[in-house]
Amino acid sequence: MSDWNELSDEAFRKEVRRFFETNYPQELRFLSRRLRWSECKPWYLTLSKQGWIAPAWPKEYGGMALSPAKQIIMVEETERCGIGRMPDQGITQVGPTIMRYGTQAQKQKYLQPIIDGEHVWCQGYSEPNSGSDLASLQTTAVREGDSWVINGSKIWTSMSMDASHMYILVRTDRNAPKKQEGISFMLLDMKTPGITIRPIRNIAGHEEFSQVFFDNVRTPAGALVGELNKGWTIAKALLGFERLGIGSPRRPRYAFTRLEKVARSRGLMDDPAFADRFVQLRLDLADLASLYGRYVEQVRRGETLGPDVSILKIWSMELNQRVSELLLEAAEEKSMYEGALDFDGEEVDVLAPFYMSRPGTIYGGSNEIQRNIVSKDVLRLPAK
Ligand SMILES: Cc1cc2nc3c(=O)[nH]c(=O)nc-3n(C[C@H](O)[C@H](O)[C@H](O)COP(=O)(O)OP(=O)(O)OC[C@H]3O[C@@H](n4cnc5c(N)ncnc54)[C@H](O)[C@@H]3O)c2cc1C
């Protein structure tokens, strides 16, 4: 089908559900961790072959150019089928950034391999002493002939052990008057000599992020995206795309479907106090989906996301935490056990959504920082 937007929403949902149910491997459903590339590459390629790997991308770059309503249907059906999160930073973050700021040569070199699953991307932003205050980053890139030579370290780099490439923020001018002004945005092949990856274990015991060290790593001059020392603007635009991805109803919906199963199995729907809280969360989820749709539409129109997208991230991640907390309450004494538990024949891991919801208010810029952005750049409140 050349334009999936031509189908009615109902027909599209049916087709997506059929495709997911038929093709997504049973053993990878409803996992309580992120998928490793070795596990999910076949599914990535299946989606890619179907033309569905990049719902939001324009058709000229191999995307579906899907309407916001239909993108939300894909999110909902992804959750319904229990499809795990793949390494998606190429599709959701660096791809749209290259489309907007990259040269023609960069678009040709990098976009198609993302669609084809040949390049897997990770994000090199945070450093051991630069998280919320990202502009203070110290990893340097110094020009030597036709190369940039990178030294320093990045931390909390999600799925870096599976990544073939990293988009990285580096300091290219130590003497710039403002710290934001000496930063550049570069693209880096992770096989370049001098890169060392040290995995870090998270609260649930999975190694999903790491610290990455750069020791005289040489990357070609063409690695620079946009203008030298003007990477901060690009970095912020990319964070807008990231916040859109994080703000998708996907994660809270995942927790909510688990909550619904547990609540029904425990007969909690007959308890008016519980039902009140349940319905409130359901309505909050509907509000999130509609807000998300608004931002998706903005991106589709080719507009840059403004600082107000922070509200989407705040709402989505805090809702996710509220849903996962009620899930623990609903599971009562079972909430102390890890792994899949039986609720009237339905297997539900009640702790996993809770664990997964905790870092959500930290990554992509902590919710405190998002509130600072909203108060300063949207509401224009005085700083002190
Ligand atoms: C699961 C996970 C995955 C991640 N993946 C990546 C990745 O792939 N790539 C990457 O580059 N980074 C990644 N990060 C890092 C993430 O972006 C940072 O953790 C985040 O920006 C916060 O920085 P920090 O950890 O240094 O905390 P700090 O900046 O030290 O903040 C500590 C606390 O102080 C608060 N705080 C700090 N400054 C202020 C302020 N001005 N006003 C109010 N409160 C403030 C913060 O909100 C936070 O609660 C990941 C983090 C997590 C948890």
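The values are calculated or read from the model by the stated rules, or taken from the named source; none is laboratory data. For clarity, every value in this text was computed on a predicted model and none was experimentally measured. Neighbour counts are summed over all protein chains in view; Cβ atoms, including those assigned to glycine, are modelled from backbone coordinates with ideal geometry. Heavy atoms of the whole protein, side chains included, go into the accessibility calculation; ligands, DNA and RNA do not. Shrake-Rupley method; radii C 1.70, N 1.55, O 1.52, S 1.80 Å.
What to note about this one:
- In degrees, nearest ten, helix 310-331 long axis to first principal axis of the chain (Cα): 40
- Of all DSSP beta bridges in the chain, antiparallel share, percent nearest 5: 85
- Among the trypsin sites (Lys or Arg not before Pro) in the stretch 273-371, those located in a DSSP loop and surrounded by at most 15 other Cβ atoms within 10 Å of their own Cβ are Arg301.
- Within the chain, helix-based [θ] at 222 nm, where runs of 4 or more DSSP H residues each add -39,500 (n - 2.57), nearest 500: -13500 deg cm²/dmol
- Loop-located GluC sites (Glu not before Pro) in the stretch 206-304 whose Cβ has at most 16 other Cβ within 10 Å (DSSP): Glu207, Glu227, Glu303
- Of His206, Ala235, Leu47, farthest towards positive along the dipole that unit charges on Lys, Arg, Asp, Glu beta carbons give the chain: Ala235
- If you wrap the stretch 247-378 in the convex hull of its Cα atoms and look at it from every side, the mean projected area works out to 8.8 nm².
- Seen against the Cα atoms of the chain and their longest principal axis, helix 37-50 is set at about 80 degrees.
- Value of relative contact order over the stretch 176-280, rounded to a whole percent, pairs C-alpha under 8 Å and six or more apart: 25
- Scaled against 2.2 N^0.38 Å for its residue count N, the alpha carbon radius of gyration of the stretch 121-230 is 1.03.
- Ranked by solvent-accessible area (1.4 Å probe, protein heavy atoms only, all chains present), the residues Leu45, Leu259, Leu305 order from largest to smallest as Leu45, Leu305, Leu259.
- Accessible area per residue was computed with a 1.4 Å probe on protein heavy atoms; Arg143 scores about 120 Å².
- For the chain: relative contact order, % (alpha-carbon pairs under 8 angstrom, 6 or more apart): 14
- Among Leu35, Ser67, Leu7 - extreme Cα towards positive end, dipole of the chain, charges at beta-carbon: Ser67
- D (Stokes-Einstein, µm²/s), Kirkwood Cα radius, the chain, 0.692 mPa s at 37 °C: 150
- The charge dipole of the chain, taken about the Cα centre with unit charges on the Cβ atoms of Lys, Arg (+1) and Asp, Glu (-1), comes to about 1100 debye, rounded to the nearest 20.
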